[in-house]
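*Asks:* First the structure, which I've put down as structure tokens, then a few questions once you've had a look.
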């Protein structure tokens with residue numbers, strides 16, 4: 001595999017729209033959509049850029065109690081299929097993340113999860129059984145390769 005600067009023509013068109021609204025006091029909704037038409041010249045033909053989703057959708061619900069002691073956050077992101085360099089198209093995929101935070105004067109305790117839908121890319125590395133073989137290819141990772149993840153933590157603010 002050789003990485004080098006693009007020497008041919010390319011075109012990029014990007015459209016992004018965002019919407020934010022407070023549904024009720026303390027409950028915020030955020031929506032976003034991003035369209036990317038990024039093309040480059042490959043073998044004399046203008047083609048979509050590899051590993052780049054043309055569309056992304058984002059939804060976030062965030063709630064904070066009136067006393068600001070509790071915060072809840074839920075985020076859903078959806079990605080369209082991507083063009084792969086050698087093997088057609090990768091499938092569309094989505095992420096769901098969530099976090100709950102409890103706050104005191106100088107301390108915050110939080111727990112959350114990432115990739116809660118447990119979506120992973122099947123066989124992300126080609127030829128994984130023979131990393132020195134001619135079929136080995138680790139460049140086509142376009143979606144999560146690790147399943148769900150739960151975390152927790154503590155923040156302390158020094159003043």
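*Asks:* Do we have any residue at all in segment 56-75 that's surrounded by 14 or more Cβ atoms within 10 Å (Cβ to Cβ) and at pLDDT below 90? Steps first, please.
*Replies:* Step one: filter segment 56-75 for residues surrounded by 14 or more Cβ atoms within 10 Å (Cβ to Cβ), giving 56-64, 70-75.
Subset that is at pLDDT below 90: none.
The answer is no, given that none of the residues of segment 56-75 is surrounded by 14 or more Cβ atoms within 10 Å (Cβ to Cβ) and at pLDDT below 90.
*Asks:* For segment 114-159, which positions are under 14 Å from the mean Cα position of the chain (by Cα) and surrounded by 14 or more Cβ atoms within 10 Å (Cβ to Cβ)? Give the steps one after another, and end with the answer.
*Replies:* Going through segment 114-159, the residues under 14 Å from the mean Cα position of the chain (by Cα) turn out to be 114-121, 141-148.
Matches in segment 114-159: 114, 115, 116, 117, 119, 120, 121, 142, 143, 144, 148.
*Asks:* Determine whether segment 123-145 contains at least one residue that is on the phi > 0 side of the Ramachandran plot, assigned to a loop (DSSP other than H, G, I, E, B) and either in contact with a strand residue (DSSP E or B) (Cβ under 7 Å, 6 or more places away or on another chain) or modelled with pLDDT of 95 or more (or both).
*Replies:* Looking through segment 123-145, at least one residue is on the phi > 0 side of the Ramachandran plot, assigned to a loop (DSSP other than H, G, I, E, B) and either in contact with a strand residue (DSSP E or B) (Cβ under 7 Å, 6 or more places away or on another chain) or modelled with pLDDT of 95 or more (or both).
*Asks:* Out of all the residues in segment 8-23, is one or more surrounded by 14 or more Cβ atoms within 10 Å (Cβ to Cβ) and outside any loop (DSSP other than H, G, I, E, B)?
*Replies:* no
*Asks:* Let me ask another. Could you tell me whether any residue of segment 61-74 is under 20 Å from residue 140 (Cα atoms) and touching a strand residue (DSSP E or B) at 6+ places or on another chain (Cβ under 9 Å)?
*Replies:* Taking segment 61-74 first, the residues under 20 Å from residue 140 (Cα atoms) are none.
Scanning segment 61-74 turns up no residue that is under 20 Å from residue 140 (Cα atoms) and touching a strand residue (DSSP E or B) at 6+ places or on another chain (Cβ under 9 Å).
*Asks:* Can you find a residue in segment 42-50 that is in contact with a strand residue (DSSP E or B) (Cβ under 9 Å, 6 or more places away or on another chain) and on the phi > 0 side of the Ramachandran plot?
*Replies:* Looking for residues that are in contact with a strand residue (DSSP E or B) (Cβ under 9 Å, 6 or more places away or on another chain) and on the phi > 0 side of the Ramachandran plot, one finds none in segment 42-50, hence no.
*Asks:* State whether one or more residues within segment 79-90 are at pLDDT 95 or above, within 17 Å of the chain's Cα centre (by Cα) and within 17 Å of residue 143 (Cα to Cα).
*Replies:* Yes, segment 79-90 contains at least one residue that is at pLDDT 95 or above, within 17 Å of the chain's Cα centre (by Cα) and within 17 Å of residue 143 (Cα to Cα).
*Asks:* Let me ask something additional. What residue, of 46, 41, 27, 96, is surrounded by 12 or more Cβ atoms within 10 Å (Cβ to Cβ), within 27 Å of residue 151 (Cβ to Cβ) and over 13 Å from the mean Cα position of the chain (by Cα)?
*Replies:* Criteria check complete, one pass: 27.
*Asks:* Is there a residue being at pLDDT below 90, touching a strand residue (DSSP E or B) at 6+ places or on another chain (Cβ under 9 Å) and loosely packed, with under 14 Cβ neighbours inside 10 Å anywhere in segment 101-109?
*Replies:* Checking segment 101-109: not a single residue is at pLDDT below 90, touching a strand residue (DSSP E or B) at 6+ places or on another chain (Cβ under 9 Å) and loosely packed, with under 14 Cβ neighbours inside 10 Å.
The values are calculated or read from the model by the stated rules, or taken from the named source; none is laboratory data. On a predicted model such as this, the values are computed, not experimentally measured, just so you know. Glycine also receives a Cβ, built like all others from the backbone with ideal geometry; neighbour counts cover every protein chain displayed.
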